[in-house]
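*Asks:* Have a look at the structure that comes next, please.
The values are calculated or read from the model by the stated rules, or taken from the named source; none is laboratory data. Note that the coordinates shown come from a computational prediction; the quantities given were computed from them, not determined experimentally. For neighbour counting, all protein chains shown are included, and Cβ atoms are generated from backbone atoms with ideal geometry for every residue, glycine included.
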Amino acid sequence: MNSKNKVALVTGASSGIGEAIAQRLFTAGYKVYGTSRRGGVSKNEFEMLPLDVTSDTSIVSAVSDLIRLEGRIDLLINNAGFGTAAAGAEESSIEQAKAIFETNFFGVVRMTKAVVPHMRRRGSGRIINISSVLGFLPMPYGALYCASKHAVEGYSESLDHELRTHGIRVSTIEPAYTRTQFLTSAIAADTPMAEYESVRTHVDAVTKELFAESDDPTVVAEAVLQAATAEHPKLRYTAGKQAKVLSLLRAFAPASAVDAGIRKKLRLHLLPTK
Ligand code: NDP
């Protein structure tokens, strides 16, 4: 598909994966508008708009500004999101669980609802949602983040069936660990319990090691460009070698092997159990 003069909107483009995506789309010829909660002047070549994906008012304002400027949105990249530091699932309050979903899942839903009417009217468009390998794998001590990405996967696959009748296709991108500010921005559980203290420390340390050898965000940006420009886009794109291997394991390895593999990777099998 020709990317020249197409208008792309990328949420969470102030750093990491979103910034790399916006820059890659710009160099591929898209007219790119990145967003962040602060908005303001872009340090890159693409434009920046203020947008908070947890606020309907903010989304309506940014999308109408963009429609006023360009008259169209051809490509929406739902990237804004944040992670959680290692914690037992029961260490987060319901309020915190909701806050994680407000950005990582309902942010995608809000953006979709705001942009789809414009795409539907033109009879064309692409929506690309940044999911994760944790959209199809479990994450012990990261259950809520993992659940938010599983929600993105289910929503995206259903939406793709609905919207293709209006000329709009939906894909997800599934990166593994990627070197960004993700760990720095990750939030800690708001109701910590002594029972989880040592495992939290353990999983955080292992996660840091895994991040140290992770992919550059440009790897994810390439996968996004591929999905955005494919004549017949796939529903799911893994980003990077590690994500590809994990996806194949999930699809073809016995469930018991996946279960053991997850525990081994996080070295949970070395911890004492009751
Ligand atoms: P960063 O922390 O580097 O970037 C997060 C971006 O999201 C920032 O631009 C931030 O902008 C924006 N953001 C956060 N909350 C909101 C909000 N409420 N409204 C609008 N923008 C918001 O992390 P990554 O680049 O790593 O993460 C990007 C996406 O990639 C996330 O969805 C994440 O879950 C996913 N992902 C990351 C992986 C990784 O290992 N890094 C692996 C797999 C998936 P600002 O703070 O300026 O508003």
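Condition check ((1) within 14 Å of the ligand (Cβ to nearest atom); (2) under 14 Å from the mean Cα position of the chain (by Cα); (3) touching a residue at least 60 places away in the same chain (Cβ under 8 Å)) across all residues:
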site	(1), (2), (3)
Pro175	yes, yes, yes
Thr180	yes, yes, yes
Leu183	yes, no, yes
Ile187	yes, no, yes
Pro192	no, no, yes
Glu195	no, no, yes
Val203	no, no, yes
Ser214	yes, no, no
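*Asks:* Which numbered condition trips up Gly39, out of (1) within 12 Å of the ligand (Cβ to nearest atom); (2) touching a residue at least 24 places away in the same chain (Cβ under 8 Å); (3) of a type outside the set (Asp, Glu); (4) within 22 Å of Thr184 (Cα to Cα)?
*Replies:* In the conditions (1) within 12 Å of the ligand (Cβ to nearest atom); (2) touching a residue at least 24 places away in the same chain (Cβ under 8 Å); (3) of a type outside the set (Asp, Glu); (4) within 22 Å of Thr184 (Cα to Cα), Gly39 misses (2) alone.
*Asks:* Related question: Quickly run through segment 37-72 and pick out the residues that are surrounded by fewer than 21 Cβ atoms within 10 Å (Cβ to Cβ) and small (Gly, Ala, Ser).
*Replies:* The answer is Gly39, Gly40, Ser42, Ser55, Ser58, Ser61, Ser64, Gly71.
*Asks:* Read through the list (1) out of contact with any strand residue (DSSP E or B) (no Cβ under 7 Å at 6 or more places or on another chain); (2) over 29 Å from Ala28 (Cα atoms), then give the number of the only condition that Ala221 fails.
*Replies:* Status for Ala221: all satisfied but (2).
*Asks:* Name the residues in segment 73-95 that are buried (at least 18 other Cβ atoms within 10 Å of the Cβ) and not hydrophobic (A, V, I, L, M, F, W, C), would you?
*Replies:* Once the filter is applied, which keeps residues that are buried (at least 18 other Cβ atoms within 10 Å of the Cβ) and not hydrophobic (A, V, I, L, M, F, W, C), segment 73-95 yields Asp74, Asn78, Asn79, Gly81, Gly83, Thr84, Gly88, Glu91, Ser92.
*Asks:* Out of the residues in segment 122-145 meeting the condition of being on the phi < 0 side of the Ramachandran plot and part of a strand (DSSP E or B), tell me which one is nearest to the ligand (Cβ to nearest atom).
*Replies:* Ranking the qualifying residues of segment 122-145, first place goes to Ile130.
*Asks:* Filter segment 57-77 down to residues that are acidic (Asp, Glu) and within 12 Å of the ligand (Cβ to nearest atom), then give me how many there are. Talk me through it step by step, then tell me what you get.
*Replies:* Narrowing segment 57-77 to residues acidic (Asp, Glu): 65, 70, 74.
Within this subset, residues satisfying the condition of being within 12 Å of the ligand (Cβ to nearest atom) are none.
Total meeting the criteria: 0.
*Asks:* Counting just the residues of segment 115-133 that are surrounded by fewer than 22 Cβ atoms within 10 Å (Cβ to Cβ) and in contact (Cβ under 8 Å) with a residue 12 or more places away in the chain, which one comes out nearest to the chain's Cα centre (by Cα)?
*Replies:* Within segment 115-133, the first condition is being surrounded by fewer than 22 Cβ atoms within 10 Å (Cβ to Cβ), and the residues that meet it are 116-118, 120-124.
Narrowing further to those that are in contact (Cβ under 8 Å) with a residue 12 or more places away in the chain: 116, 118, 120, 122-124.
Working: Val116: 19, His118: 23, Arg120: 23, Arg122: 26, Gly123: 25, Ser124: 23 Å.
Residue satisfying both the conditions and the ranking: Val116.
*Asks:* Still on this model: Which one of the conditions (1) near the ligand (Cβ under 10 Å from one of its atoms); (2) over 29 Å from Asp74 (Cβ atoms); (3) modelled with pLDDT of 95 or more; (4) not charged (D, E, K, R) does Leu210 fail to meet, given that it meets all the rest?
*Replies:* Of everything listed in (1) near the ligand (Cβ under 10 Å from one of its atoms); (2) over 29 Å from Asp74 (Cβ atoms); (3) modelled with pLDDT of 95 or more; (4) not charged (D, E, K, R), Leu210 misses just condition (3).
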